[in-house]
Structure formats: C-alpha cells, structure tokens
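Scroll down for the structure; my scribbles are underneath it.
Values quoted throughout were computed directly from the atomic coordinates according to the rules given, and no laboratory measurement underlies them. A quick note: this is a predicted structure, and the numbers were derived from the prediction, not measured. When we count neighbours, we look across all protein chains shown, and the Cβ atoms used for this are built from the backbone with ideal geometry, even at glycine.
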Protein chains: 2
Amino acid sequence: MRDAYHDELDALAEQLVEMTRLVGVAITGASTALLDADLALAESVITADDAVDRLRDELDHRAMDLLARQQPVASDLRVIVTTLKISADLERMGDLARHVARAARRRFPDSAVPTGLRSTIVEMSQVAEQLVAKTGSVLVTRDIEAAVQIERDDDEMDRLHRALFTELLDVSAPYSVEVAIDVTLVSRYYERFADHAVAVARRVVYLVTGQHPSELAESV
Amino acid sequence: MRDAYHDELDALAEQLVEMTRLVGVAITGASTALLDADLALAESVITADDAVDRLRDELDHRAMDLLARQQPVASDLRVIVTTLKISADLERMGDLARHVARAARRRFPDSAVPTGLRSTIVEMSQVAEQLVAKTGSVLVTRDIEAAVQIERDDDEMDRLHRALFTELLDVSAPYSVEVAIDVTLVSRYYERFADHAVAVARRVVYLVTGQHPSELAESV
C-alpha cells in the first residue's frame, strides 16, 4: 500500500504531465495561428499560457512543501529537485509557444511566414509537436531509450533551423528585412523549444539512473 | 560561532558570486569581440564558458549533498533551492555570452554589426555589463532596493531591443538579410541575458523576504 507521501510524489509527476499536455496544445495552436494568420487562435494561446505558469507555481510550492515536511533523501530527494527543474523547462516551453503566437499576432492580417519558407516552418512545428508529445510520454513511462530518441529529434530541429537561414539568404528569392527578423525570431523560438524538451528528457534519464546522460554514455 | 553547515551555505553563496564574475568577464569579452571583430577574444570567450558550466555542476552537486545530509527546513531550505535556480540562470547567461561570441566568430574578419547599428549594440552591451555587475553585488549584499533597480535596467534593455528593430527596418538605410539575421539574434541574446539577470534579482528578493516580488508589490 502506498502512503500519503508517495501519493504526493505521484501527484507532482501527474502535474508535470498535465503541464506538458498544455504546452503541447499551446505549440500546436501557436503554429496554426502563425501559418494561417489566425488572430483569435493566437490570442487564445497567449492567454492560455497563464495556466501553465500557475501550474508551475503550484507545483513548485508543493515540491518545496514536500522537501520541508518529508526531508527526503536519496532517490526521493532526486525526484523532487528534478521535478522543480523540469517544471522550469516546461514553463519556458509555454513562453516560447506564446512568443510564436505573438509573432503571428504582430503581422495579422498578413502571415509572418512567406510562402517560400512555409514548408520549413511547417516541418519545425511538426518536430516541435512530436517532441512535446514524446516528452509527455517519457515523463509517464520513464523509458530511457525514448528519452535518448528525443535528442535525435532535436538534431532534426537544429538542421531545420540552419536550413531556414540558408533559404532566407537565397539571393534568387530576396526577402525583406522585416521577414528576416520575424522568421529568425520564430525559428529561434522553435529551436529553443526543442532544447528544453531535450533538457526534460535528460532530467528523466538522471531521475531513473541517477546519472547524467553524458556520464551514462561514458560508463557504457 | 558558525558551524560547518553554515560554512557550506556560505561557500555556495560565494560560488554564485564567482559564477557571476565569470559571466561578467564573458559578456564584456563577447561584446568587444563582436564590436571589434576580434577573433582571438571570441574564441577565448567560447572556451571559457566551460568553466561556468563546471561551476554550475559543482554547485548543484554540493547543494544536493547539503539537502540530503542536513535536511534543512524553512529559510535554509529556501536558500539551497534558490541557489539551484540562480545557478541555472547564471549558466544560461554564460551560454548567451558564448552565443554573442559565436556570432562575432561567424562573420570574422567582418563585423556582424554594421556601423549604423553600432551605437545601439554598444548601449545594449553596456546595459548587460551593468546588469551582471549589479547582480553580483545583489548576491553579496542582498539589497532589495538594488534588486528592484535591476528590473528597471531590464526595461532599458527591452527599449534598446525594440529600437534596434526600428533601425533595422529604416528604409533610408537598407540592410541585407544577412545583417538582419545576425543583429536580430545578437539583440535577442542580450535581451535574454538581461531577463536572466532580472530572474536572479527576483530570486534574491524571494530569498530575503520569503515572498516573490509580485506578492511583495501587492502586500505593500
């Protein structure tokens, strides 16, 4: 039988999964708002980020409370401190989805993404959605191999980020400075979004194994 | 007389101040490398960031060890958990300084900053240097008023960030897409650098008062 303390640890874990779900909804909505110049959707993503921030605050508060009351050691201590770090990553992913939505709002009724760059941004948004879905599932399953797979998806995001700059610089299809600013920022938001997904995955590896992924690679 | 435990807490605080000092050296070097197209300086900033990362790892390790061995409650617990969060902000500030240095290296022997945008980037670098110096001093003095002042400096950084976009879009002095990409990224790095300084300052306010700055504003 589980005690109240471990029920509280489980509740923390569930809250992380719920944050990940909200961040997934946010990046999907932000990407659609960006690509379809959908103002109402952009506004709703921007507003909805408050819920992610509140969940983070609540989660941090509960984690601190558990640390103070239960004085955990070893793996339980690791779980709680790692939870605090993961909630910070997820909160930041929510901010980045909101930034994408704001970029969409700023150019409305135009799209911030010109036709020629659309397919790369579509790919970036798809990789971002896959990453957050996999992050949520790694948080539940604690599957180390799936966590490592997230790093490979991030390599794909980095490749798209670089490809977009090459496309922007294509002299046969000259883009304006305004487009260059918008697309550079949006691309950077997606890239950072992916970095934080990788950070969460690495923290799960640390949670499960007690080792950081780099140490693990060295010890294998 | 202080016990060994409180000596260890002091050592953590000193390590945060040392990280801040290294981050200050990094942003100063990165800014000079960027503005003067100084490749050797850019390389040294890029290499030096490893020391910041190592300090963060060491600090996190010691903080976790203290949590496990001493089972702190109340304000000591708050100090240790806040230390973990501050070290994450400082580590990120180091990364952002390194990003500025990389932008300088990418365009060498040219400068990534065209003459017309130079003065705004100079101002941004000065605000960044002031912010990190003030952050270091707030970590030592725990002066709440100085911590609040850091938020005002960040407002100035946000103003410069917006001004730079206006300058980039000035049709009477058309810039290339390449310049737009470089300057947008560099400006974003400085802006995020400042955001993390604000985050550190807010955490110090929380450390000292037990309240988040927003709660404090509401309760005044």
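Note on A:T120, B:T209: ascending count of other Cβ atoms within 10 Å places them as B:T209, A:T120, the fewest first. Taking every DSSP helix (H) stretch of at least 4 residues in chain B, weighting each as -39,500 (n - 2.57) and dividing the sum by the residue count yields a mean residue ellipticity at 222 nm of -31000 deg cm²/dmol. Would you mind checking the tilt of helix A:39-70 against the longest principal axis of the Cα atoms of chain A, expressed as 0 to 90 degrees and rounded to 10? Rounded to the nearest ten degrees, it is 20. Of all the options B:V81, B:V198, B:V45, the one that moves most in a Gaussian network model of chain B with Cα springs shorter than 10 angstrom is B:V81.
Which of these, B:V23, B:V177, B:V186, has the largest mean-square fluctuation under a Gaussian network model of chain B (Cα springs below 10 Å)? Of B:V23, B:V177, B:V186, the most mobile in the Gaussian network model is B:V177.
How far apart are the A:R106 label points across copies, placing each 7 Å from Cα toward Cβ, in nm, shortest first? Taking the point 7 Å beyond Cα along Cα→Cβ, the inter-copy spacings are 1.7 nm.
A simple count of charges around A:S44, restricted to other residues whose Cβ falls under 15 Å of its Cβ and scoring Lys, Arg +1 and Asp, Glu -1, yields -2. Evaluated with a Cβ-only charge set (Lys, Arg +1; Asp, Glu -1), the protein assembly as shown carries a dipole of roughly 200 debye about its Cα centre, given to the nearest 20. For A:L169, inter-copy separations between label points set 7 Å beyond Cα along the Cβ vector come to 2.5 nm, shortest first. Rounded to 0.05, the FRET efficiency of the A:Q126 and B:V208 pair, given R0 = 41 Å and the Cβ-Cβ distance, is 0.35. The coefficient of translational diffusion for the range B:4-219, derived via Stokes-Einstein from the alpha carbon Kirkwood radius under 25 °C and 0.890 mPa s, stands at 136 µm²/s.
One decimal place: the segment B:V17-B:A74 gains 18.2 nm when fully extended, by the rule 0.36 nm per residue minus the C-alpha distance.
Other protein chain C-beta atoms within 10 Å of residue C-beta, averaged over A:100-107: 0.
Summing Cβ point charges (Lys, Arg +1; Asp, Glu -1) relative to the Cα centre of chain B gives a dipole of roughly 220 debye.
Given springs between every Cα pair under 10 Å in a Gaussian network model of chain B, which of B:A74, B:A133, B:A97 has the largest fluctuation? Comparing B:A74, B:A133, B:A97 in the GNM, the peak value goes to B:A74.
Toward the positive end of the charge dipole of the range A:1-110, with +1 on the Cβ of Lys and Arg and -1 on the Cβ of Asp and Glu, the farthest Cα among A:A63, A:A103, A:A48 is that of A:A103.
Under the Kirkwood approximation for Rh and a Cα-based Rg, what ratio Rg/Rh is obtained for the protein assembly as shown? Here Rg/Rh amounts to 0.96.
Across the range A:179-209, the residues whose backbone nitrogen lies under 18 Å from the label position 7 Å along the beta-carbon direction of A:D158 are A:187-203.
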